[in-house]
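The values are calculated or read from the model by the stated rules, or taken from the named source; none is laboratory data. The structure presented is a predicted model; accordingly, all values stated were derived computationally and were not measured. Cβ placement follows ideal geometry from the backbone for every residue including glycine, while neighbour counts extend to all protein chains displayed. Only protein heavy atoms, including side chains, enter the accessible area calculation; ligands, DNA and RNA are left aside. Shrake-Rupley method; radii C 1.70, N 1.55, O 1.52, S 1.80 Å.
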Amino acid sequence: MVRLLLTSVAIAVVSVGATAWLAVQTTTRAIQEERGQVLSDDTDILRQLSGFAATHADWDGVRSSVRDLSRTMGRRIALTTEAGRIIADSAAPGTALPARASATVDPLNTDTSTEPGAQLAGIDPRAVGPYRLPAAERARVKALADKRLACVRAHLGDGGVRELPSGRTVVIADGGEAAVPSQCADGALNTPTRTEQKALDELLALTAPCLGPDGGKGQAANPLAGIGVDVIPGLTAATQDSGRRLDGRQTQSCVDDARRTQLDPYVAPRARLYLGALGQQPVGFDLSPANKAKIVGVAGLVLVVTVAMTTVVAIRLVRPLRALTAAAQQPPQRHTRVAVTTKDETGYLAAAFNDLTARRQQLETQRKAMVSDIAHELRTPLTNIRGWLEVTRDGLIEPDPDLIASLHDEALLLQHIIDDLQDLAAADAGTLALHREPVRADDLVAQTVSAHRTLAESSDIRLRTHTDPDLVLDADPVRMRQVLGNLTSNALRHTPAGGTVTLTARQVGDLAVLSVEDTGSGIAADDLPQVFERFWRAEKSRSRRTGGSGLGLSIVRQFVEAHEGVVSVDSEPGKGCVFTIRLPRAQHTDRRTP
């Protein structure tokens with residue numbers, strides 16, 4: 001690692017030095033500051049975002065619009081709240097914002113160039129709020145507009161209709177909306193609908209406090225009348241001469257403020273708009289052919305130095321790796337060790353390889369021992385069966401019930417060994433099938449005790465249980481009964497008459513803890529690491545006096561690990577031993593896991 005770092009630093013120093021020299025030699029003018037996109041593009045971005053704000057009560061969903069707009073315009077676009085919290089940003093998370101905001105997106109105080117007509121009151125015409133017509137009123141207004149259009153075309157020969165953001169349809173003649181012939185101006189189209197009238201009444205109530213105590217009286221029934229303001233987009237308030245007029249500018253200001261108050265709940269909050277170029281790269285150098293040749297030459301020189309230094313370091317690194325490769329390619333019977341010559345990553349790899357070689361040798365030894373153990377375990381019952389069958393065939397003894405029972409016991413022992421080997425093989429291959437379901441721990445313990453009660457009574461051994469009544473396991477009940485059965489039968493075999501075997505099930509945190517404790521002879525400390533090995537017995541003579549196939553505890557470990565649990569043993573010679581199983585508790589009450 002140190003050599004690699006030194007090589008990288010050396011290459012970086014050469015590269016930086018070459019780049020600095022090249023910059024001094026080839027730069028013909030200072031790097032120009034990046035110019036933003038044309039003003040029309042920025043204005044269009046602001047207009048579209050103002051339209052989103054005008055038609056939404058918040059900024060939810062604006063992220064996709066910002067990303068699409070960024071791809072279309074080729075600009076970085078970011079929106080933040082006035083407090084500086086990011087609402088949407090087309091740049092990667094964590095990218096710093098430009099130093100200053102380009103504009104403020106506020107449809108109620110919008111820039112005059114964002115949308116035609118917005119300069120009348122500084123309110124985006126797309127912010128319609130309570131003036132938005134429902135479908136029925138849209139259809140009714142559309143029908144009135146079509147009727148008026150037919151009249152306009154009959155008198156002027158041409159015309160059209162346009163639907164405004166609020167859903168109201170207006171008639172457009174050749175000379176504009178105001179050029180509608182008097183014969184067609186029946187007043188029906190410009191009459192506010194129920195929705196618009198309700199919104200106008202609300203606006204009138206909001207305007208009254210600003211106009212003062214004479215606001216409503218001095219202008220007859222409606223102080224909004226006579227000011228000539230498009231309160232509803234497309235619907236001009238009729239001008240009426242009635243009583244004393246208020247100052248036009250004052251009334252205009254009151255109406256604008258009231259409209260902002262009325263529309264505020266329907267538009268998104270004010271936001272700051274940040275615009276920048278994608279990448280933020282400067283324009284770059286203005287290079288001549290000679291300068292380009294210098295760049296090519298310096299790049300080539302740096303490349304040569306890099307390749308040379310890398311080659312030197314690589315040779316030193318690869319040499320021990322080749323030795324490792326040659327050792328790894330040796331046949332299994334030749335357990336070649338590699339000399340550890342360095343205290344770096346390569347040395348650590350060589351040491352790990354040597355450890356792996358030692359483990360491989362140990363596994364090979366265990367494999368040979370296991371084959372021998374299997375042959376030994378199968379030979380004894382087969383020899384017994386063969387011997388009794390031969391003497392029976394020769395007529396030396398009669399096949400009485402005792403002989404048949406003895407042969408049957410030997411056959412059952414063979415079947416038991418083969419079944420255990422099959423379970424271990426399935427566990428080793430990862431094909432052991434578990435049918436999980438919620439299992440009550442007290443039922444599991446009770447079934448195990450019931451299955452071994454006869455053997456315990458015949459051996460004068462007490463079976464005791466202690467279980468939490470509400471403890472539920474997420475386990476395969478058949479496999480777990482086999483686990484507890486193996487541990488219990490093992491405890492009974494090694495417990496003398498008058499002893500006790502205790503089965504316990506309790507909850508410890510998120511775990512279910514099952515234990516089988518006996519008062520037998522115990523296990524020596526040196527033998528504890530080998531307890532779960534296959535065909536291992538504490539009796540060095542390999543006597544089968546105590547029964548069992550030598551596979552029971554190995555099966556216990558495999559089944560427990562298949563349940564994502566662990567099994568351990570604690571023992572002290574002369575004081576018995578305790579086998580403890582820790583399993584996850586059931587999280588669901590109805591689940592089966594294959």
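See the values below:
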{"quantity": "Gain in span if fully extended, Leu396 to Trp21, counting 0.36 nm per residue against the direct Cα distance", "calculated": "124.1 nm"}
{"quantity": "Spin-label proximity, Gln183 to region 151-170 - amide N less than 16 Å from point 7 Å beyond Cα toward beta carbon", "calculated": "151-159"}
{"quantity": "From phi via Karplus (6.51, -1.76, 1.60), per-residue ³J(HN,Hα) for region 258-265 in Hz, x at Gly/Pro", "calculated": "5, 5, 4, 4, 5, 8, 4, x"}
{"quantity": "Total formal charge among the other residues, if their Cβ is under 15 angstrom from that of Gln447, Lys/Arg +1 and Asp/Glu -1", "calculated": "0"}
{"quantity": "Solvent-accessible area of Phe52 with every protein chain in place, 1.4 Å probe, in Å² to the nearest 10", "calculated": "30"}
{"quantity": "Solvent-accessible surface (1.4 angstrom probe) belonging to Arg140, in square angstrom, nearest 10", "calculated": "120"}
{"quantity": "Where Glu457, Glu345, Glu437 fall by accessible area, highest first, once all protein chains stay in place (1.4 Å)", "calculated": "Glu457, Glu345, Glu437"}
{"quantity": "Whole-angstrom gap from region 470-493 to region 123-152, using each part's C-alpha centre", "calculated": "78"}
{"quantity": "Exposure ranking of Val478, Val161 by accessible area [1.4 Å probe, largest first]", "calculated": "Val478, Val161"}
{"quantity": "Sites Arg386 and Val2, calculated FRET efficiency, Cβ-Cβ separation with R0 41 Å, nearest 0.05", "calculated": "0.05"}
{"quantity": "Asp419 accessible area, assembled protein chains, probe 1.4 Å, Å²", "calculated": "60"}
{"quantity": "Contour excess over end-to-end distance, with Cα ends at Met309 and Thr261 and 0.36 nm allotted per residue", "calculated": "10.1 nm"}
{"quantity": "Over 18 Å [Cα-Cα, region 41-97], rounded percent", "calculated": "28"}
{"quantity": "Summed residue charge, Cβ within 9 Å of Pro469's Cβ, Lys/Arg positive, Asp/Glu negative", "calculated": "-2"}
{"quantity": "Residues Ala12 and Glu345, FRET efficiency given R0 of 30 Å [Cβ-Cβ distance, rounded to 0.05]", "calculated": "0.90"}
{"quantity": "Cα shape, region 430-497, gyration tensor, a/c 1.5 rule", "calculated": "oblate"}
{"quantity": "Exposure rank, largest accessible area first [Lys294, Lys198, Lys343, Lys368; 1.4 Å]", "calculated": "Lys343, Lys198, Lys368, Lys294"}
{"quantity": "Label-point separation in nm, Val318 to Ala83, each point 7 Å along Cα→Cβ", "calculated": "6.0"}
